[in-house]
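Q: There's a structure below that I have some questions on.
Each value in this text was obtained by applying a stated rule to the coordinates, not by laboratory testing. Worth saying up front: this structure is predicted, and the values here are computed from it rather than measured. Note that each Cβ is placed from the backbone with ideal geometry, even for glycine, and that neighbours are counted across all protein chains shown.
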Amino acid sequence: MEKKMNSKVAIYPGSFDPLTKGHMALVERGLAMFDTIIVAVAESRSKSPLFSLEERVALTREAFAPNKKIQVESFSGLLIDYAQECGVSVVLRGLRAVSDFEYEFQMALMNRKLSKKIQTVFLMSDLQWMYLSSTMIRDVALHGGDVKGLVPECVFTALKERMQNKS
């Protein structure tokens, strides 16, 4: 039996390695349009994550814990399959710059090809976070730079610990 799709819930997928304040701001803004947002932490086999899937899920849950309208789950495989399993018809994605648009546009079109029932909604990043990416946070942290204020406190602590263990 096919699951009824819910347009009041959106999935915000990503590897979140690590979660940044930019991700958090996008989710908070998304709640103006959706009753619930599922932050879907991708397994991300093709990347070499700094944090394990379990660690990324735990950190993301901790960061969003005060807000009951935000659920944090992990998934692997195709996003479209996961969305259909959840009965969700909207994928929320963020755009920082023109360079993001091309990739996100291709992904949205592929997802649309795989399922006409699932729509992608794009939100522009807040101006203060336009330059911020998980990759940049990892690179800066790996080289001893200060990322305080760019990531939630729990992520900042985990990054500090991870960097101390690498030295």
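Q: Could you size up the charge dipole of the chain around its Cα centre, putting +1 on the beta carbon of Lys and Arg and -1 on that of Asp and Glu, and report it in debye to the nearest 20? Could you put the intermediate results ahead of the total?
A: Details: 22 positive and 19 negative charges, 65 e Å.
In total the dipole reaches around 320 debye.
Q: Give me, ordered by chain and number, the residues 5 or more places off Val151 or on other chains with an amide H under 5 Å from its own placed amide H.
A: Lys21
Q: Just need the relative contact order of the stretch 58-167 here, percent rounded to a whole number, with Cα pairs under 8 Å and 6+ apart.
A: Details: 74 pairs, mean separation 28.7, N = 110.
Value for the stretch 58-167: 26 percent.
Q: Further, regarding this structure: Applying 1/(1 + (r/R0)^6) with R0 = 35 Å to the Cβ-Cβ distance of Tyr131 and Ser76, what FRET efficiency is obtained, to the nearest 0.05? Provide the component values of the computation, followed by the final result.
A: Working: r = 30 Å, r/R0 = 0.85.
Taking R0 as 35 Å, the efficiency between Tyr131 and Ser76 is 0.75.
Q: Could you give the distance between the Cα centres of the stretch 44-95 and the stretch 122-167, to the whole Å?
A: 18 Å
Q: For q = 0.11, 0.20 Å⁻¹, what log10 I(q)/I(0) does the stretch 6-166 give under the Debye formula with an equal point scatterer on each alpha carbon and no solvent?
A: With one equal scatterer per Cα and no solvent, log10 I(q)/I(0) is -0.42, -1.42.
Q: Hey, can you rank 33-43, 100-110 by average C-beta count inside 10 Å, highest first?
A: Working: 33-43: 20.4, 100-110: 13.1.
Those peptides, ordered most packed to least, come out 33-43, 100-110.
Q: Before rounding to the nearest 500, sum -39500 (n - 2.57) across all DSSP H runs of length at least 4 in the chain and divide by the residue total; then give [θ] at 222 nm in deg cm²/dmol. Could you put the intermediate results ahead of the total?
A: On the way: 6 runs with 70 residues, N = 167.
It lands at -13000 deg cm²/dmol.
Q: Which net charge results when you count Lys and Arg as +1 and Asp and Glu as -1 among the other residues whose beta-carbon is under 13 Å from that of Glu62?
A: On the way: positive: Arg56, Arg61; negative: Glu54, Glu55, Glu153.
Around Glu62, the charge tally is -1.
Q: Also, quick follow-up: Counting only residues 5 or more places away or on other chains, whose amide H sits under 5 Å from the amide H of Phe16 once H atoms are built in the peptide plane?
A: Here the answer is none, since no amide H 5 or more places off falls under 5 Å of that of Phe16.
Q: Would you be so kind as to identify which of Leu142, Gln84, Leu127 lies farthest towards the positive end of the dipole of the chain, taking Lys and Arg as +1 and Asp and Glu as -1 on Cβ and the Cα centre as origin?
A: Projecting each Cα onto the dipole axis, the largest value belongs to Gln84.
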